[in-house]
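Taking it in order: structure first as structure tokens, then the write-up.
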Amino acid sequence: MALELGTMGLQIVCDAIDDGVLIFDESDRVAFCNAAACRHLGVRAPALIGKTSHTVVTRFLQIPRNKATLLFAGETIGCPGAADEVDGFDVKCLRLPSQRSGDFLTADRLQETPTAMVLRDRSRARQLRAMEDAASGSSGRWGRDANPVLDHRAILQFLSHETRRANRDGEKMSAVLIKAPLGLTYETRDAWISPVLRSSDRLGGLAVAREVGDAGLDPREVTIAALAVPLHPEFSWNLVVLPYAGETGAHAVALRIRARAPAEIARSVFVGVSSLCLRRADWVVADGFDTAESLLERAYRQVLVDEDARTGPSAA
């Protein structure tokens, strides 16, 4: 049974939500926009109706060419919003199946897919984060002069905290795991990695357990802080947590970290990246959440891939 909703009904429903919605017809021109989209872009609806997606992206969203390519490839892009709002919004481009008038949607009747853009409001999530930071006595800022590299308990606590908030708010976040030779002091790691980080990012050293339990691990392998991740004790393991960062941004951070590695250890530095898989549709299902453990385990596996690609197979 098909659900049909007229233009007026669609307008009423979409105007009641905080996220902006732009729908393009088969000619790639705006056929519908809601009140939130107009508010985010700082224009009235007549200024948007009939404009192509290219015009919306370049003139109204002011997204540069390199980011526009990512947007149309399915990446979510952050925009400052009208009058350079502090919180701004995220833009995602969707491909929608079209259908002939009066027909049910079937696989053999799909026409050229029009595009929809969703402008997701970030202000409420940011306000809630600010309230949480204020209640916990944290400003949410990170300065290398004021804070040392976090210890293994603090960095894992921060990873878990950000994973929970990212799942709740639908925010991007990533982790970068760095394997390096032993002997790095906190000061050395801070001077090496901190300069490439933003104020909200965190860097911490992971402690390696020296005792092997009954988990069936190889004697050369150990676990960290009850997470089922085998780490070799003869290496230094460092974790960077990147709130508000997606796969592209996290890989850029990883490349800069590797490029800045001290010359004496540069050939023995291996990096793995993982990004949180947001599953907003599964919020009502407990196991629908991506976890801090799975995020860390994926980053660890990528360290092994990086090491294998650069030096050949070796035990982690």
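Structure data summary
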| read-out | value |
| --- | --- |
| Residue-span extension gain [L70 to R164] - 0.36 nm each, minus C-alpha spacing | 31.2 nm |
| With every protein chain in place, region 20-81: carbon and sulfur % of accessible area (1.4 Å) | 53 percent |
| Qualifying lysines (Cα of each under 24 Å from Cα of K172; at least 8 residues distant if same chain) | K67, K92 |
| Backbone N within region 148-173 under 15 Å of label point (7 Å from E247 Cα along the Cβ vector) | 172-173 |
| C277, C79, ranked by accessible area, largest first (probe 1.4 Å) | C277, C79 |
| From phi via Karplus (6.51, -1.76, 1.60), per-residue ³J(HN,Hα) for region 250-265 in Hz, x at Gly/Pro | 5, 5, 5, 4, 4, 5, 5, 4, 5, 5, 8, 4, x, 4, 6, 10 |
| Accessible-area order (highest first, 1.4 angstrom probe) of the listed residues D190, D28 | D28, D190 |
| Ranking by accessible area, most exposed first, for E187, E221, E162 with a 1.4 Å probe | E187, E221, E162 |
| Surface accessible to a 1.4 Å probe, V118 within the full protein complex, Å² | 40 Å² |
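The values are calculated or read from the model by the stated rules, or taken from the named source; none is laboratory data. Model, not experiment: these values are computed from the prediction. Please note: Cβ atoms are built from the backbone with ideal geometry, for glycine as well, and neighbour counts cover all protein chains shown. To get the accessible areas, we keep the full protein, side chains included, count just its heavy atoms, and leave off ligands, DNA and RNA. Shrake-Rupley method; radii C 1.70, N 1.55, O 1.52, S 1.80 Å.
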